[in-house]
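Below is one structure, written out as structure tokens, with a few remarks after it.
The values are calculated or read from the model by the stated rules, or taken from the named source; none is laboratory data. Owing to the predicted nature of the structure, the values given are computational and were not obtained by experimental measurement. A quick note on method: Cβ atoms are made from the backbone with ideal geometry, for glycine too, and the neighbour counts reach across all protein chains shown.
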Amino acid sequence: MISVLSIFRKKYPIILPTDRHVMSRGSIDPEVLEILARIRRGGFKAYLVGGCVRDLLLGKKPKDFDIATDARPRQVKQLFRRCFLIGRRFRLAHVYISRDRFVEVATFRAAVDPDEVQGGRYAANNVFGAIEEDAQRRDFTVNSLYFNSADSSVVDYTGGLRDLEKKLLRSIGDPVTRFTEDPVRIIRAARFCAQLDFEPSGADLKAAKSCARLIKEANDQRLREELFKILRCGASEGTMRNLIRFRLLQEWLPELASERYHDGLSRRLAVVDRRRAKSEDLPVSVLITALLYDLFVEATGTDGGRQSFQEAFILLKERFGEMAGKLRLPRQEWDNICNTAARQMILMRPGGGKNWKKFENKFAGNAYFPHAMLFFEILVEATGKYGEQLAYWRRFSRPAGEPAGTGPVAAAHGASVRKPPLKPLAECADSTETPKPKKRRRPRRPRKRNPQQQQPLGGAPV
Ligand code: ATP
Ligand code: MG
């Protein structure tokens, strides 16, 4: 008698030979093909897996290439000269193809990655496995497709090929179980749907909503990584919309969940995405200011009210200190962010006051000016306001390292572009120095001097 199980087993794997799919070896980096070939020559199986296979089948350029093999990490290490094993419980091999580029080679595993789930709850089950098991532990069906480097076929154990065609994001197995195991997968679902222009399956959408509250238990470091992946993926606006739709934003970043922020946030993120599409890599301070700007403005007032920008800086730093901790932002990065945000009030209202000339040169020569300007450009594009002020400050934009007011941009624009000062700014005489935490110094002990060697008062030391 044929058991139900054996019928199910017969369905998978689906193997598409090389002439039945669009993925060609020509679209894979030659160095990656060489690594795959060397693993095979060592007598092991070697597959490409995950996002790279998904993206190549969709005709997109993959961000990076991941390899899965039946070779154990130590066996992989023996095959390559520049190979390092990382990870504590589950070891991964990083094979370097240049000084700063490596390919991750992972041994097939049976259970979930302890680093991928909460507090290592699943660590005990973590053992190497067969490719079929490796396919089952991955998050979504479209992320579980394998490219067999031996014959260039694509192998599907979970229905990823069908979902890819239907543009459907579907968890492998029961979505409630998978999202409960690792709620960060809900954030990944929101990002993948936006990035790939996919829809979540009905069951996944329902499960995402019902499991959203679990995100509070997720590891802060992983959440931080996901946040930056979102801000840099080129589809941050769509991802935010999905996070709202999945009711996840209110659990993860409740500070941003109020509807009154959605329009401004979505306009700024759309600009961030457009810049990403042109391969621009925005700094962390600009990305986080784009995310939190409405909160900052609410705290300080649009134009900073009567306070100086230094006062605004201190206020932001203190008021949102807890948020910085939650987002795991190092202190220096948090300083950069608060500086970028606090300087917007000066950028919005240049001019005025008898000491303005001195002030603006100092302001534009400050190390924080380029990032503040970068965010200001985003703000101008997002709101359609402050175009005149942007032109005013652009005279000071210069290549890094060149003193203020001397760069080719400043020279090219010269005084002709210069606009008369706009509204006077009461605080313009303030110093542009950024308040830095005072260094604590041990008081110096008075030096004992030999009275005979003492210099006469006012004399230069020998
Ligand atoms: P991206 O284009 O963002 O890199 P990706 O699919 O390659 O997308 P990665 O974070 O690089 O995403 O992960 C590589 C692969 O590891 C995924 O395709 C998926 O198969 C698996 N994976 C990653 N995170 C998880 C997770 N939390 N749970 C299960 N599998 C995961
Ligand atoms: Mg990847």
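Overview of values
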{"quantity": "First in segment 42-56 and in contact (Cβ under 8 Å) with a residue 24 or more places away in the chain and under 13 Å from ASN143 (Cβ atoms), second anywhere and polar (S, T, N, Q) and within 10 Å of ligand 2 (Cβ to nearest atom), Cβ under 9 Å, 6 or more apart", "calculated": "VAL49/ASN143; GLY50/ASN143; GLY51/ASN143; VAL53/ASN143; ARG54/ASN143"}
{"quantity": "Test result for ILE314, buried (at least 19 other Cβ atoms within 10 Å of the Cβ), assigned by TED's automatic domain parsing to the domain that holds GLU388 and β-branched (Val, Ile, Thr)", "calculated": "no"}
{"quantity": "Residue within segment 248-268 that is within 16 Å of ligand 1 (Cβ to nearest atom), more than 25 Å from ASP335 (Cα to Cα) and buried (at least 18 other Cβ atoms within 10 Å of the Cβ) present", "calculated": "yes"}
{"quantity": "Test for PRO183: is it farther than 23 Å from VAL105 by Cβ, buried (at least 24 other Cβ atoms within 10 Å of the Cβ), within 28 Å of the chain's Cα centre (by Cα) and within 10 Å of ligand 1 (Cβ to nearest atom)", "calculated": "yes"}
{"quantity": "Scope segment 64-77; condition away from ligand 1 (no atom under 16 Å from the Cβ) and in contact (Cβ under 8 Å) with a residue 24 or more places away in the chain; matching residues", "calculated": "ASP70, ALA71, ARG72, PRO73, GLN75, VAL76"}
{"quantity": "Residue identified as assigned to a loop (DSSP other than H, G, I, E, B) and either of a type outside the set (Phe, Trp, Tyr) or at negative phi (or both) among LYS77, LYS60", "calculated": "LYS60"}
{"quantity": "Flag for ARG138 being within 10 Å of ligand 1 (Cβ to nearest atom) and not assigned by TED's automatic domain parsing to the domain that holds ARG247", "calculated": "yes"}
{"quantity": "Test: PHE102 is more than 11 Å from ligand 1 (Cβ to nearest atom), in a loop (DSSP other than H, G, I, E, B) and either closer than 22 Å to ASP151 by Cβ or without any contact (Cβ under 8 Å) to a residue 40 or more places away in the chain (or both)", "calculated": "no"}
{"quantity": "Filtered residues of segment 41-63 (kept if surrounded by fewer than 15 Cβ atoms within 10 Å (Cβ to Cβ) and farther than 22 Å from ASP163 by Cβ)", "calculated": "ARG41, GLY43"}
{"quantity": "Of all residues making up segment 27-58, the number that are under 15 Å from LEU145 (Cα atoms) and either of a type in the set (Val, Ile, Thr) or within 15 Å of ligand 1 (Cβ to nearest atom) (or both)", "calculated": "12"}
{"quantity": "Residues of segment 270-294 satisfying the condition of being acidic (Asp, Glu) and closer than 11 Å to ARG232 by Cα", "calculated": "ASP273, GLU280, ASP281"}
